[in-house]
1. Cβ under 15 Å from E220's Cβ, E220 left aside: what net charge do those residues give with Lys, Arg +1 and Asp, Glu -1?
2. Under a crude label model (7 Å from the Cα following the beta-carbon direction), how far is Q306 from E105 in nanometres?
3. How high is the FRET efficiency from Q37 to W313, r the C-beta distance, R0 30 Å, rounded to 0.05?
4. Pop out the ³J(HN,Hα) list for region 147-159 in order, Karplus 6.51 cos²θ - 1.76 cosθ + 1.60 with θ = phi - 60°, rounded to Hz; leave Gly and Pro as x.
5. Please work out how much length the chain gains when fully extended from S49 to Q262, using 0.36 nm per residue of separation minus the C-alpha to C-alpha distance, in nm with one decimal.
6. Please list the non-local residues whose amide H lies under 5 Å from the amide H of M243, H modeled 1.01 Å from N, same-chain partners needing a gap of 5 or more.
7. At a Förster radius of 51 Å, what calculated FRET efficiency corresponds to the Cβ-Cβ distance of L141 and A210, to the nearest 0.05?
8. Given R₀ = 25 Å, what would the calculated FRET efficiency be for D348 paired with E385, taking r from the Cβ atoms and rounding to 0.05?
Amino acid sequence: MDLSSAESGNIQLYVTNLYLHDFFKSLTDLFKLRAAQKNIAFLYEPITSLPLVIEADEKRLRQIIINLLGNAIKFTKQGGICLKVGYQQGCLRLQVEDTGIGIAETDFERIFNPFQQVSDAHHKAEGTGLGLSITQRLVALMGGTIQIQSRLAYGTTFDVQLPLPAVYDYAIQQSVIPPATITGYVGEPRHLLIIDDKRENRSVLHNLLAPLGFNIEEAEDGVIALEKIQQTIPDLILTDLVMPKLDGFELTRRLRQDENQQIRTLPIIAVSASVFSGDQYLSSEAGCNAFLPKPVHLEELLACLQHYLNLVWIYEQHTEITLQSFNVQPLQVPLESLLQQLTPEQADTLFNLAMLGDVQHLIKYATDLGKYDNHLLPFMERICELARNFEVEEICALVHPHPTDLHS
């Protein structure tokens, strides 16, 4: 879209159902790469829960965000950029924060004029100055607002609010799988050592991870951590980098040189607020396996733990199932005859999941069976109904009333 189109009012919005998770993932993947090329940080932070689907012109909304993020990256030499997203009362809110050169308050109005830039000569050569002007017009076209806060040499924040209604249509909700909540993991409890000189920082991690079944040990510096590790070797270490006595860098170096192979190969994750200072590179050089910036995002933290501990997560049960979309008719044939259509392996799997009380995986497995074998749809509907009501004993009785008959 060029500026003349924006000014003439010839732009038309093509509103469709926009799936926010995929939309923001594609954008954040792109700008993480672009930020890494400049050796600066990029963070994506949902500040509220987001609807699964909204009504929006995807192309124009994407252009707004790309213009703002591209502008932030262009004028940020060190530090980083953060995209914050929220949704409240039918309004999508976008905040793009950077630690760039900043803008004087007297120039706030000018930056939205075509071909106007208020940066230094080097940055003027990097673009035409149309991005913010077009962005302002697109925001206005969508009925929204854009505001700016900035301070020279400290950075800039653009705040965009757009009235974009959420879609709560039943058919759409049925086709979208909501993000599941992790409630634990399969297997024996894992032992984590959290090292940080600030008690409140240790408490944040402790409170995030202990409810999931992790055994947590804490240390306030590297010296105490070494003593604890010699007594009990943890499965994984989460360590701050800047601490008194013995910091995270030196602690990691010593662990990587330890005589005990189990200690030498411990997964170590650096957790630090120094994301903008090059400490991420230095922590990797010291031997850390991964780096997480503070404040820690639970999703990123759990992804690290899953990778380095080979965890299989246990998820909170969702009561919505997809069999309804297959127009399953009421059960009109005896359960016994439907049961005979199950293979012994299928019956065993249903029985074992029911015995374990693993309702979520039981519903998923039954739903998948119904999808791939229409003859089993009525029976799987019955299994899912029982599972939703936690009637696992009846499920066991249904699928294994006569084990010997099933395996004959």
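1. -4
2. 4.7 nm
3. Between Q37 and W313 the formula returns 0.35.
4. Taking θ as phi minus 60°, the curve returns 10, 10, 10, 7, 8, 3, 6, 10, x, 9, 10, 9, 10 Hz for region 147-159.
5. Taking 0.36 nm per residue and subtracting the Cα distance, the gain is 72.6 nm.
6. Here the answer is G248, since their amide H atoms fall under 5 Å of that of M243.
7. 0.55
8. 0.75
FYI, it's all coordinate maths here, none of it is from the lab. Please read all numbers here as calculations on a predicted model, not as lab measurements. Backbone-built Cβ (ideal geometry, glycine too); neighbour counts: all protein chains shown.
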